[in-house]
Each structure stands twice: as C-alpha cells, then as structure tokens.
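Just below is one structure, and these are the notes that go with it.
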Amino acid sequence: MPTECSAERFDFGVVEGRAVEAAFDAGLVTSDAGALLLGAADRAIDLVGRFADCFRDHRRPDLIEHAVGTLVGQRVFGIALGYEDLNDHDELRHDPLMAVLAGKLEAKREDCAPVAGKSTLNRLELSRNEPSRYHKIAYDAAAIEALPVTLFLEAHKRPPAQIILDLDATDDPLHGHQEGRFFHGYYDCYCYLPLYVFCGRHLLAAKLRPSDIDASAGSVAEVERIVRQIRVHWPFVRILLRADSGFAREALMAWCERNRVDYLFGLARNTRLVAMIEEELAAARAAAEKTGRPARRFKDFQWSTRGTWSRRRRVVAKAEWTKGEANPRFVVTSLKRAEAGARQLARGHLLRPWRDGKPHQGVPARSLRRPHFRGDHARQPTAVVVRLDGLCADLCPEAHRPCRNHLCGRHLRHHPPQAPEDRRTGAHQRPPHQDRHGLGLSGRRTVGHRRAPPGQSRRSPRLAGLTREAATRQTAASPTGPPEKPTT
C-alpha cells in the first residue's frame, strides 16, 4: 500500500528548549533570488532597456500583452540564471522573481502569466532584419553590435592611455542536431566556434560561428568596427590586440600595422622556429639538469614565414626545459624592443593558464546551471553573464542613464580568483604573478587600473601617515615580521 505524506509540518526535536520544525507553508518561493542583484545592475546601466531599443515591434498594439522590453529582459535574465532553453520559460513565466524583474506582477488578461512563455519568446528569437507577415519583430544588427562597446566607453570617467583587446575563439559544445553543427577535431566534439572580443572584463563583441572555419575568420571586420567606435570617443588611446596563435594571420597583422594598432599574438611552433633557438634550448637544458628545476632562456629576433607573411616581424621566443623535455614558445608582436623586452613579453603572454589541457582565454569554462552535464560537455559560455556579472570594478553609474537605484562598483565585486564560484571573465585563468592584463607595459595606465579618489592616498592603511623615509624602510622589511614604528 503506498504511503501518503500529507503532513505540512515535521518535528525534528528540541534543542536548548527551542523546537526544530520543517514547514511547507511558505507560499510562492524562488531559488533564483540572486537575480535581484542582476536587476539592480541592470537598473544602474539600463542594459535591458537599451538592448530592447535595438528592436522594432510591428505587432498590433491593442493585442500586445508582453512588450519587447519584457521579452528581451526575460531572455537575458533567463540565460544569466542558466536557463538556456526556451522550454524552461513555460515554468519560469509563473516564477514571481521573473515578474519582479520584468516590473509586471499581473497580466492584463486573466488567462495569461505576468511574463511570456516559450511560444511568445520564440517570436523574438526568430526576428529578422525586416518585418514580414509572420515575423513582426525586427532588429537593428548595427545597433546591437555597437551597444557593448558603448557600455564599455561609458563605464570610464576619462579616456585611458592604453587598452588591451583580447580576441578569443572558443568552443560552444552542441548536444543535438543544430543547424550548422560540425565536428571540431581540436575540441573533439560537435560545436560552434564563437568569436569573442574582451577588454579586461568587458565584453565588446560575441559572434556565433560554425566550427568549420579558421579561428580568425571575421576578426578583421570585428576589430575594425570596434576600433573605429572607440577612436571616435577616445582618439588618442593606444590599442593593443592580444590573442593566441590562431589569430597570427597576415590579414589581421597587416591591418593593425596600417591602422596604428599594436598586436601581440602567439605563434605556433615549427621546425624553423625551433632551429632559431637551439643554443638557448641547450643552455636551458644544462641549467635544468644542474639545478633540478625548470630553466628558461629568451631570444628576440626578426622572422618571416616562407609564403604567407608579407614582411619580417619581431618574434620573441622562450626556450624552456621542464620535466625532462623542451617546451619552446613563441610570440609575434609589433611592440618595439625598448617598450617591452623579450622576458616581459614571454611572461606576460605565453605563461597563460590552460583549460582542460588546451590553451584558452576569455570565456568561463563551466556551465552556470546544468548539473546533469559533466566534463567537457558542461562548458557553456554565456555572453550575457559576462556583461552583467563582469562589470568593471571602477563602474561609473553617473555616466549612464539616470535612475533611482545607482550602483557603485564595490557592490558588484566578487570573491578572489581562487574562490570556487568566481565567475568573472578570465579570473580563473590568470596566474597569481600576472598583473590584471597579463602584460605590464611600463609608464602607461591601462583600463582596469583604478585611481585613488582626490585627497585620498593610494598607500595601504598600514603606511598611511608615515614619512616617505619611514615608508621605504617599512616596505623593505620582511612581509611576515612586525612593521617598524615610524621615527619622528
């Protein structure tokens, strides 16, 4: 005979005179209350509203229950919470949290939920450049592409001296027979190969592409569009492109050289490159065998391919001997030797963490909400999370549209990179010895470096109030010992 559990309250005993009970009479509850923080961030920069402005609604106004702003916000917040599939919204439309985020607790019609279901959202997903009989919602592609760059520019009070743009092509695994699916031998799965462009933690571009193309396909057009928009507002900013060897292509490097954009790209090893550093590899091997620790030597030289490059370019090599074998790495760059030496470039770019044994940069490597997937299949890069969850630490709310709920940058900070749940873009990929951008060019203030407020010293509280001489002595002291007392 089956057991019927109809109790509404369970008693778990008494602890120090207090009853411990479990009750199920809380009414409507949600497990996604963290989205309220995303809603506060959205109100600070009006991301959803400005994104919705990129769409044109040609439906009959008297028959519209869910406006385009509601549809866009529902889809954005759903993806940020890990609900990638439209089918999930048949349940989410009854979630009180989604209604709160939409600012709409009740629908106009009695037979309708406050927010849309999968069928209505599908009309937004199938929108076209121009409206048609069966596609009443149209979008402006140029406005959508320009929005992330606009938000990036508005997040800074003053133009920086230099910015570093990271290009990344990473896999987006597929679990069905989606249109345009191809098997990628490097990632060993069926996937898409989207192109991302970041500046620090700011997402500037995300292009969905099939995986049967070169990693750099379309990168020249994207970089040209982004650089043009940035230079309209920051005409004197220095721009540096950084990417792995998949982007070391003649078209992209030649475009950078013609348009005053520096670059630093990884360079795939080959026999000709390895032959250039034979002496350095031998010296590194001798040093490693003598000390029992990895050894490295660096070399700077001019080099060109036999047919694909139009000119000779500067190549920096790291001849490393570790774990009993050679591990040479190479980069090609337009930076002058006086600006960045070989050792600085190699440490800033080559020693990047790898993901699952593969070089990677830029996009989070784990799904936010798919516990039934494990391993490589759980990697779901979500650009929306990058935009909302990766706001710059020096966010300037007053630079955006005015609203009642302004947000300071400190309210959006997350745990340090070593924390298990850190979701910042690229945070889990930076080794502790690197600076924020992985490349420290001396004498230039890059995006992400915060200035101290007027009248406030940048010294730590322990050094506050000390004379320069006393501070110098204290800094030179052992970090584990007690601080010296200032002398008068």
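Would you pick out the residues in the range 260-294 that are under 19 Å from S334 (Cα atoms) and assigned to a helix (DSSP H, G or I)?
L273
Evaluate the range 192-212: report whether one residue or more is among the hydrophobic types (A, V, I, L, M, F, W, C) and more than 18 Å from the chain's Cα centre (by Cα).
Looking only at the range 192-212, we keep the residues that are among the hydrophobic types (A, V, I, L, M, F, W, C), and these are 193, 195, 197-199, 203-206, 208.
Among the residues that remain, those that are also more than 18 Å from the chain's Cα centre (by Cα) are: none.
No: the range 192-212 contains no residue that is among the hydrophobic types (A, V, I, L, M, F, W, C) and more than 18 Å from the chain's Cα centre (by Cα).
Hey, P114 hits all of (1) in contact (Cβ under 8 Å) with a residue 12 or more places away in the chain; (2) open to solvent by 40 Å² or more (accessible area, probe 1.4 Å); (3) in contact with a helix residue (DSSP H, G or I) (Cβ under 8 Å, 6 or more places away or on another chain) but one; which does it fall short on?
(2)
Could you list all residues from the range 149-179 that are surrounded by fewer than 22 Cβ atoms within 10 Å (Cβ to Cβ), assigned to a loop (DSSP other than H, G, I, E, B) and polar (S, T, N, Q)?
Matches in the range 149-179: Q178 only.
Listed here are the residues, each with its yes/no results for (1) under 16 Å from P148 (Cβ atoms); (2) over 18 Å from the mean Cα position of the chain (by Cα).
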{"position": "D214", "(1), (2)": "no, yes"}
{"position": "A217", "(1), (2)": "no, yes"}
{"position": "V223", "(1), (2)": "yes, no"}
{"position": "A243", "(1), (2)": "no, no"}
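Given the criteria touching a Lys or Arg at 6+ places or on another chain (Cβ under 8 Å) and modelled with pLDDT under 50, does P381 qualify?
No, not satisfied.
The values are calculated or read from the model by the stated rules, or taken from the named source; none is laboratory data. From a predicted model like this one, the values you see are computed outputs, not experimental measurements. Every residue, glycine among them, receives a Cβ derived from its backbone with ideal geometry; neighbour counts consider all protein chains shown. Surface accessibility is based on the protein's heavy atoms, side chains included, excluding ligands, DNA and RNA. Shrake-Rupley method; radii C 1.70, N 1.55, O 1.52, S 1.80 Å.
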